[in-house]
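Just so you know, all these numbers are worked out from the coordinates, no wet-lab data involved. In this text, all values refer to a predicted model and were calculated from it rather than measured experimentally. Positions of Cβ are backbone-derived with ideal geometry, glycine not excepted, and every protein chain shown enters the neighbour counts.
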């Protein structure tokens, strides 16, 4: 058996998608700042005064619900009443949407007059402004956004949330007219990308990529799992998705290679200072074996062990040579010593490679030297150990 080298420092460059953690976040968006409208009473309205008015409401994209808040006064006033719809909604809103916002918690200043508020589309808003209903015409309103006999309060709309609507106000017939103050705001829900956390599907993709790469390089399942888990853990703990995606491909490759070396370190077998020299003698011995020179193989193999006694494959070579020489005692000694060393190897794939190769070479030798005795016992011992991997 030639020198067995199991490369740990392989380079794995995963191709991962830009799938990231996303979450839905709700926020308050002002739609119309506080407005003041004066509507004339019935007497003045009859002579051309303004008893109705409407306002265009452009709802922002991703609106899931919206509100308007109203308060009224029987007298005109230069003093503005603070409705504070946006601050109130912001304080009450749960950005995750888990907690439902309660309309009753939004406080409107007390009103002292009565108005009617109607939510409509453009065609009905025009008919409303022209008082088509006073001459038998029919005007359609969005029921959820319409209120009559309204002094103060907050209206929530959840069924008319796309595009543009019109909010109309009417003095229902007060003698002197009314002042109405109102404000409009919407709750929008947006999908926000979290570049600070790794999505679970990407963690799984990374693990699978690393695992399959390692298995493709003949790492045993448990070893591949161990290294793959370590790689995912180190990679995702040291870099956020945003940091990783911002790296160049060369930077990504270097980063992953560095993590792979660190995760594989525990599987690297220690080597003596004389390892390379010992391996050269071992290879010379195996070459002699292939040429049929058993004595020369023994000579070179023993020289290799004198330099580095940890070379299990050299011991199996010697065991094979002594089997061919029909020295079962010495052969068994070397094979059992080799087996003890093989069991200490950190990589399962390395242990498997040593065992299967030793068994194969015994089978090959039996074809060439059919009179060999004692190989079956050794082979059974190695096969039993192989089953444990």
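Centre-to-centre separation between the Cα atoms of region 117-151 and those of region 73-89: 24 Å. Mind putting together the pair-distance distribution for the chain? All Cα pairs, 20 Å bins, whole percent per bin, short to long. Once binned at 20 Å, the Cα pair distances of the chain give 21, 25, 16, 14, 14, 8, 1. The Kirkwood hydrodynamic radius of region 104-181, based on inverse pair distances between different Cα atoms, is 13.7 Å. Per q in 0.20, 0.21, 0.24, 0.26 1/Å, what log10 I(q)/I(0) does a Debye calculation on the alpha-carbon atoms of region 195-267 return? Listed by q, the Debye log ratios stand at -0.85, -0.92, -1.15, -1.28.
Taken as Cα centroids, region 308-367 and region 159-193 sit 88 Å apart, rounded to the nearest whole angstrom.
For residue 192 and residue 144, the difference between the fully extended length at 0.36 nm per residue and the C-alpha to C-alpha distance is 14.3 nm.
Which ordering of 351, 203 is given by a fewest-first count of other beta-carbon atoms within 10 Å?
203, 351
The modelled label-to-label distance between residue 105 and residue 135, using points 7 Å beyond Cα along the C-beta direction, is 4.9 nm. Angle between the Cα long axis of helix 275-290 and the longest principal axis of the chain, 0 to 90 degrees, nearest 10? So the inclination is approximately 60 degrees. At what distance in angstrom do the alpha carbon centres of region 266-299 and region 217-265 lie from each other? So the two Cα centres are separated by 34 Å. For region 275-387, the alpha carbon convex hull comes to 89 Å³ per residue, rounded to a whole number. Take every Cα pair under 8 Å whose residues are at least 6 apart in sequence, average their separation, divide by the length of the chain, and the relative contact order is 22 percent.
Both radii are taken from the alpha-carbon atoms of region 23-151; with Rh as the Kirkwood radius, Rg/Rh is 1.00.
Each distinct pair of alpha carbons in region 183-314 adds a 1/r term; the inverse of their mean, the Kirkwood radius, is 19.1 Å. Our estimate of slack between residue 250 and residue 114, defined as 0.36 nm per intervening residue step minus the Cα-Cα distance, is 41.8 nm.
Within the chain, antiparallel bridges make up roughly 100 percent of the DSSP beta bridges whose residues both belong there.
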